[in-house]
């Protein structure tokens, strides 16, 4: 047995201490404490063994994701080639931005890659909620009625509609009506209910693809297509709009390719590929995209104005890498599901279930267990790994939220992140991981953090 001297930083000072090595195994040092010393990380050998077992169990599903990655990357490559992307499209414009060729070609790339007639991709969409809001205000008019067929929308959109808040500036204040069809008790769409709930009075049928802060299943493109068919049969002139946040490039097709009239998402999620610094997109029918552009800028000028200030290069790069990066995030989610299911926690979706977005929910059962998980994810971040997340109020939410987001782009959820409102069932919603190796490590560190806090029984 040998004493291994280690020098570490602690609270701004250097400390030397010794660890008794009892075994060398597979290149790692197994210590008397029960911890395995990676070259760079200290983790319990039992956690590492569980991680190996989880990855083996998930292997067939990881391989299936790789096949989807390949298909979608080829589709993206074709979109770039068909649009004739060139270096000249990265040139910055200022002022009004008239004749910005890069801006226009990026729109074409998005339309082709998403299977839509047209698209509007802009860095000055400040969030997914903002992008959805522009789309809603772009196509709805006073007296119109929108019907959500996926129950209550995501927290931040409720204020936009006028469900919560003081209503100032909301759809409700502008005389736009809102109706809702709840999901079935198991969280799936109420297709039978849609047959009676959707009528010609509905100008918009609204679909939220992702689960948001709920444990319901996210919607596949096939399920969205079924809703589209019901909506168009019951109300032929309605606009079917999809909140596609977190869902882009998870499957081989997108909602606009199966009949949805309009969809929107955020560039600091899937479609930005972890490179876009901000922005959003709207894709769909050409006439609707024009209306959205008029809302974003001004009627009559629409998409013809809006300088890009040198952002085009990053937006093009992020778009190109998006299919592969999304696949890496999916692999991280599948691995996390297999790992924490092995520890006895409820996860949704399970590692072997079909996926429609990059989000992985893990039910931690207790407030402090949830906080330990989130803090472990933060420890696995390349940026701000030393930060300790604490629950705090957050605009748009009705309770404290705890969030791990050590990302190169602030708030980017295609990079490894996790967040949760501090309320029952104390579930963490994790997403992202621009490459699987780093995402896998983040999940393992989350498990180690929970073990250290006494919430894993190994």
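The values are calculated or read from the model by the stated rules, or taken from the named source; none is laboratory data. All values reported here derive from a predicted model rather than from experimental measurement. Glycine gets a Cβ as well: all are built from the backbone with ideal geometry, and neighbour counts include every protein chain shown.
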Looking at this structure, is residue 250 more than 28 Å from residue 96 (Cα to Cα) and surrounded by fewer than 21 Cβ atoms within 10 Å (Cβ to Cβ)?
no
Scan the range 425-458 residue by residue and report those that are assigned to a loop (DSSP other than H, G, I, E, B) and either under 17 Å from residue 387 (Cβ atoms) or in contact (Cβ under 8 Å) with a residue 24 or more places away in the chain (or both).
425, 426, 432, 433, 434, 435, 453, 455, 456, 457, 458
Matching strands (runs of 3 or more DSSP E) fully within the range 100-201 where at least 2 residues are within 23 Å of residue 217 (Cα to Cα)
145-148, 177-180
Counting only residues that are crowded, with 22+ Cβ neighbours inside 10 Å and touching a helix residue (DSSP H, G or I) at 6+ places or on another chain (Cβ under 6 Å), the range 222-237 contains a total of 1
Return the total of residues in the range 124-140 being more than 13 Å from residue 170 (Cβ to Cβ) and without any contact (Cβ under 8 Å) to a residue 40 or more places away in the chain.
0
Please find, among 139, 105, 109, the residue that is at pLDDT 95 or above, buried (at least 22 other Cβ atoms within 10 Å of the Cβ) and closer than 24 Å to residue 80 by Cα.
109
State all residues of the range 415-458 that are in contact with a helix residue (DSSP H, G or I) (Cβ under 6 Å, 6 or more places away or on another chain) and over 16 Å from residue 369 (Cβ atoms); if no residue qualifies, say none.
416, 432, 433, 434, 435, 436, 439, 440, 442, 444
Applying the selection to the range 208-237, what residues are closer than 20 Å to residue 152 by Cα and assigned to a loop (DSSP other than H, G, I, E, B)?
209, 210, 211, 212, 213, 214, 215, 216, 217, 218, 219, 220
Criterion first (under 16 Å from the mean Cα position of the chain (by Cα), at pLDDT 95 or above and either part of a loop (DSSP other than H, G, I, E, B) or at positive phi (or both)) does residue 333 satisfy it?
no
Please indicate, with yes or no, whether at least one residue in the range 385-395 is under 24 Å from residue 250 (Cα atoms) and outside the structural domain of residue 270 (by TED's automatic domain parsing).
no
Criterion (part of a loop (DSSP other than H, G, I, E, B) and on the phi < 0 side of the Ramachandran plot) met by exactly one of 314, 341, 353:
353
